[in-house]
Amino acid sequence: MYLPSFSRRTFFASLACTLGLASETIPLLNASSATGASLTKNPVSAFQEAMAATASVQSPTRGSAAEKAAISRFENFLAHLDEKTAREETGKVYAPDAFLNDTLKTLHGSAAIRDYFIKTAQGMDSMIVTFDDVAPSGRNYYFRWTMETRMKHLAKGKIVGTIGVTLIRFDREGKVILHQDFWDSAQGVWDYVPLIGPSIRWIQSQL
């Protein structure tokens with residue numbers, strides 16, 4: 001990407017200030033204050049460590065009723081996530097030492113994940129996730145989904161549609177021990193943040 005020399009410093013300084021302002025004013029982006037949020041570790045390294053840490057954890061037997069219940073519980077939890085569901089159900093779906101990265105935040109532990117989901121729900125008028133497919137591969141489960149959100153502080157109340165895939169690992173009890181999203185958070189969130197959205201679209205136009 002090329003930026004004219006006279007504008008580089010101003011551009012990145014403005015972008016940094018806007019990111020800071022967004023994190024203070026938008027609940028979804030400010031949810032990193034939850035205990036257990038990782039603020040410094042590289043997301044790729046954190047994911048790789050979580051994969052290694054959960055490699056030997058036993059999951060429900062393939063094709064068993066326990067496996068089907070685990071898949072159904074996870075899908076039902078996220079399908080219509082609201083504040084009440086986040087408060088009451090997160091601990092039933094996620095293991096106490098669960099790992100989660102949704103491309104916006106990296107979190108460790110069901111308590112931190114619960115707090116994050118609560119703050120996320122508080123920033124939404126509605127969020128509907130439709131699971132289009134689930135594909136098991138070894139101990140991994142890949143959920144392909146379509147999400148429609150209506151955010152209180154972004155996109156002027158319009159419904160924002162995005163698509164993504166979530167990699168899940170379950171423990172023996174069928175609780176989630178690893179949750180890694182593969183999702184374009186720019187399309188889902190950042191495109192609608194003042195200054196940041198236009199900046200991202202300008203950068204994309206230069207590629």
Strands (runs of 3 or more DSSP E) completely within region 53-170 that count 3 or more residues being closer than 15 Å to ASP181 by Cβ, in contact with a Gly (Cβ under 8 Å, 6 or more places away or on another chain) and not charged (D, E, K, R): 140-151
Boolean, VAL160 is hydrophobic (A, V, I, L, M, F, W, C) and either within 26 Å of ASN42 (Cβ to Cβ) or over 14 Å from the mean Cα position of the chain (by Cα) (or both): yes
Subset of region 186-207 (residues that are at negative phi and either modelled with pLDDT of 55 or more or surrounded by fewer than 16 Cβ atoms within 10 Å (Cβ to Cβ) (or both)): GLN187, PRO194, PRO198, ARG201, TRP202, ILE203, GLN204, SER205, GLN206, LEU207
Residue in region 31-49 that is assigned to a loop (DSSP other than H, G, I, E, B), at pLDDT 95 or above and farther than 21 Å from MET147 by Cβ present: no
Evaluation of HIS179 against (1) at pLDDT 95 or above; (2) assigned to a helix (DSSP H, G or I) (one fails), failing number: (2)
Residue, nearest to MET51 (Cα to Cα), within region 92-110, restricted to residues that are touching a Leu at 6+ places or on another chain (Cβ under 8 Å), at pLDDT 95 or above and hydrophobic (A, V, I, L, M, F, W, C): PHE99
Options GLU75, GLU67, GLU148, GLU89; residue that is modelled with pLDDT of 95 or more, touching a strand residue (DSSP E or B) at 6+ places or on another chain (Cβ under 7 Å) and not hydrophobic (A, V, I, L, M, F, W, C): GLU75
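The values are calculated or read from the model by the stated rules, or taken from the named source; none is laboratory data. Quick caveat: nothing in here was measured; it's all calculated off a predicted structure. Quick reminder, even Gly has a Cβ in these numbers, built from the backbone with ideal geometry, and neighbours come from all protein chains shown.
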